1. Among all residue pairs at least 6 apart or on different chains, which show Cβ distances below 6 Å where the first residue, located in region 159-186, is modelled with pLDDT of 85 or more and the second is in a loop (DSSP other than H, G, I, E, B) and open to solvent by less than 80 Å² (accessible area, probe 1.4 Å)?
2. Determine which single condition V87 fails, assuming it passes every other condition in (1) among the aliphatic types (A, V, I, L, M); (2) open to solvent by 20 Å² or more (accessible area, probe 1.4 Å); (3) more than 21 Å from L150 (Cβ to Cβ).
3. Filter region 130-146 for residues that are open to solvent by 90 Å² or more (accessible area, probe 1.4 Å) and of a type in the set (D, E, K, R); which is nearest to I10 (Cα to Cα)?
4. Across region 65-80, what is the number of residues that are among the hydroxyl-bearing types (S, T, Y) and within 17 Å of G125 (Cα to Cα)?
5. For region 140-153, what are the residues that are of a type outside the set (F, W, Y) and modelled with pLDDT under 90?
6. Counting just the residues of region 48-67 that are modelled with pLDDT of 95 or more and open to solvent by less than 30 Å² (accessible area, probe 1.4 Å), which one comes out farthest from I6 (Cα to Cα)?
7. What about F127, is it touching a Leu at 6+ places or on another chain (Cβ under 9 Å), open to solvent by 40 Å² or more (accessible area, probe 1.4 Å) and among the aromatic types (F, W, Y)?
8. Please note which strands (runs of 3 or more DSSP E) are completely contained in region 1-114 and include at least 2 residues that are in contact (Cβ under 8 Å) with a residue 40 or more places away in the chain and either more than 21 Å from I162 (Cβ to Cβ) or within 17 Å of the chain's Cα centre (by Cα) (or both).
Amino acid sequence: MVNHIIEPKINSLELAYETGFHIGDATMTFRKRKNEYCVTYYGNNKTERNFFEEVIAPLLNKLYNLKVKVKNFKNTCYIRIYSKELVEFKSKVIGLPIGSKASLISLPEIITSKGLDYISHLIAGIFDSDGTVKIVHKNGRLYPTLNITLKNREIIDQIKEILASLGITTTRYKETRYDKRVNKFT
């Protein structure tokens with residue numbers, strides 16, 4: 001099924017947030033032999049399904065006029081949209097890559113150039129997809145810590161620089177883990 005979209009206004013804070021969420025937990029693909037364009041958002045079915053149903057699905061409807069359903073497979077919930085128009089808008093206008101997100105070496109300038117409100121919404125979207133909040137016991141006190149986990153070092157460095165410019169102390173570190181889903185260390 002092909003979904004026709006309405007292109008959102010570039011000066012939308014909601015678009016900035018959705019773009020950040022896409023950077024964290026979505027993929028875009030094009031399968032040439034099937035002429036198939038697809039955007040898929042992924043989450044944990046147990047912990048994120050309500051968020052997908054109450055936030056992400058309505059946001060996609062509001063931004064792009066898409067009526068989407070949250071589906072699940074095993075422990076994963078997802079929203080899949082087959083739309084050439086959506087893939088072209090996200091790749092050509094926003095600047096998100098089709099295929100591996102490893103080629104994304106900076107946050108989309110079309111959003112970051114619009115100022116702090118847009119950057120904040122972009123980072124909030126990344127945080128909501130790939131962030132965690134932890135309470136750490138240190139020197140007899142409780143300290144909240146916010147973590148964003150991404151494979152892309154350039155994006156992490158850019159977020160670190162933005163947060164530092166706002167007076168927010170950050171630390172970047174590399175952690176290697178064995179991922180049994182892909183049978184290798186990441």
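The values are calculated or read from the model by the stated rules, or taken from the named source; none is laboratory data. What you see is a predicted model, and the numbers here were worked out from it, not measured in a lab. Cβ atoms come from the backbone with ideal geometry, glycine included; neighbour counts cover every protein chain shown. Ligands, DNA and RNA are stripped out before the accessible areas are found, and what is left, the full protein with its side chains, is counted by its heavy atoms. Shrake-Rupley method; radii C 1.70, N 1.55, O 1.52, S 1.80 Å.
1. These pairs meet every condition: K160/T170; L163/T170.
2. (2)
3. Applying the filter and picking the extreme gives K134.
4. Within region 65-80, residues that are among the hydroxyl-bearing types (S, T, Y) and within 17 Å of G125 (Cα to Cα) number 1.
5. P144, T145, L146, N147, I148, T149, L150, K151, N152, R153
6. F52
7. yes
8. In region 1-114, the matching strands (runs of 3 or more DSSP E) lie at 26-31, 36-44, 76-82.
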